[in-house]
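The values are calculated or read from the model by the stated rules, or taken from the named source; none is laboratory data. The structure displayed is predicted, hence computed values, not measured ones. Because the Cβ atoms are built from the backbone with ideal geometry, glycine has one as well, and the counts that use them run over all protein chains shown.
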C-alpha cells in the first residue's frame, strides 16, 4: 500500500462526487446486479444526489461508507471508475462491518480490480478505523465471489439454510469473516 491509504498500484478508492450521480444511477438500477445486492426497487437520481450530498458524514454517524473504485490507467493521468466498495452495517461497539464490492461492467471483471479494492479497503478498515473484523454474506451459488473473498483470507464461518428467495426457489447463503490480525481495544 502506498503512503495514501486509499490506493495502491492498481486502484484508487474515493468518495462519490456530485458528477457521479449518473454513473451511480446506471449502476444501482442495473437489474442484473440486483440479485447480489438484495435490491428490489430502482433508485431515483434525486435519492442518489441526496446520498452524495450527505456522503461526507462520518462512518461513526451513518454506519456506512461507500467508495468509488477507480482503475489506475498506467498510460494516462485519468483514472476510470469501474465499481463500488462498501462498508455497511457498521457496529461501533463491536468494531465490525459488512463488506460489499461491485465491478459494474463485465469487461472490467476478472482484471483484479475487486481484489485490489478489497485489499485497500481492508487495510483502511483495520489500520485507520481499527475494526476488529469484517464480514460478507454470499449466495452459495456465487462461486466467483466466494473465491474472491476466501483468496483474501476471509473464512467461511457458517451457512444460513434457505436464506435467499430466488425465482427458482430458496438458496443457502454463506457467511465469511476476516479478523484483524492486529486487533486493538479502544481506549476508555
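When you check residue 135 against the structure, is it within 25 Å of residue 69 (Cβ to Cβ) and touching a residue at least 60 places away in the same chain (Cβ under 8 Å), yes or no?
Working: within 25 Å of residue 69 (Cβ to Cβ): yes; touching a residue at least 60 places away in the same chain (Cβ under 8 Å): no.
Judged against the criteria, residue 135 is not a match.
Give 152, 121, 134, 148 a once-over and let me know the one that is within 20 Å of the chain's Cα centre (by Cα), surrounded by 16 or more Cβ atoms within 10 Å (Cβ to Cβ) and farther than 21 Å from residue 59 by Cβ. Steps first, answer last, please.
Numbers: 152 fails: farther than 21 Å from residue 59 by Cβ; 121 fails: farther than 21 Å from residue 59 by Cβ; 134 fails: farther than 21 Å from residue 59 by Cβ.
Being within 20 Å of the chain's Cα centre (by Cα), surrounded by 16 or more Cβ atoms within 10 Å (Cβ to Cβ) and farther than 21 Å from residue 59 by Cβ holds for just one of 152, 121, 134, 148, which is 148.
Of all the residues that make up segment 1-16, how many are modelled with pLDDT of 90 or more and touching a helix residue (DSSP H, G or I) at 6+ places or on another chain (Cβ under 7 Å)?
The number of residues fulfilling the criteria is 7.
Can you name the residue in segment 62-114 that is under 12 Å from residue 10 (Cα atoms) and surrounded by fewer than 17 Cβ atoms within 10 Å (Cβ to Cβ) and, of all such residues, is modelled with the lowest pLDDT?
Here the answer is 74.
Can you tell me which residue is modelled with the highest pLDDT among those in segment 50-59 that are within 21 Å of residue 13 (Cβ to Cβ) and in a helix (DSSP H, G or I)?
Filtering segment 50-59 down to residues within 21 Å of residue 13 (Cβ to Cβ) leaves 51-59.
Checking the rest, the ones that are also in a helix (DSSP H, G or I) come to 51-54, 59.
Working: 51: 71, 52: 73, 53: 73, 54: 73, 59: 88.
The extreme case among them is 59.
Out of all the residues in segment 82-89, is one or more out of contact with any helix residue (DSSP H, G or I) (no Cβ under 9 Å at 6 or more places or on another chain), assigned to a helix (DSSP H, G or I) and under 23 Å from residue 177 (Cβ atoms)?
Restricting attention to segment 82-89, the residues satisfying the condition of being out of contact with any helix residue (DSSP H, G or I) (no Cβ under 9 Å at 6 or more places or on another chain) are 88-89.
Of the ones still in play, those that are also assigned to a helix (DSSP H, G or I) are none.
No.
Out of (1) modelled with pLDDT under 95; (2) loosely packed, with under 15 Cβ neighbours inside 10 Å; (3) over 19 Å from residue 12 (Cβ atoms), what's the single condition that is false for residue 164?
The failed condition is (2).
State yes or no: is residue 136 closer than 16 Å to residue 90 by Cα and touching a helix residue (DSSP H, G or I) at 6+ places or on another chain (Cβ under 6 Å)?
Details: closer than 16 Å to residue 90 by Cα: yes; touching a helix residue (DSSP H, G or I) at 6+ places or on another chain (Cβ under 6 Å): yes.
Answer is yes for this residue.
From the set of residues in segment 17-33 that are in a helix (DSSP H, G or I) and surrounded by 13 or more Cβ atoms within 10 Å (Cβ to Cβ), which is modelled with the lowest pLDDT?
Residues of segment 17-33 that are in a helix (DSSP H, G or I), as a first pass: 18-28, 31-33.
Cutting the leftovers down to surrounded by 13 or more Cβ atoms within 10 Å (Cβ to Cβ) gives us 20-21, 23-25, 27-28, 33.
On the way: 20: 88, 21: 86, 23: 88, 24: 82, 25: 81, 27: 78, 28: 77, 33: 72.
Going through the qualifying residues, I end up with 33.
Inside segment 165-187, can you point out the residues that are part of a strand (DSSP E or B) and within 28 Å of residue 92 (Cβ to Cβ)?
The first filter runs over segment 165-187 and keeps only residues part of a strand (DSSP E or B), leaving 165-166, 169-179.
173, 174, 175, 176, 177, 178, 179 - these are the residues of segment 165-187 that are part of a strand (DSSP E or B) and within 28 Å of residue 92 (Cβ to Cβ).
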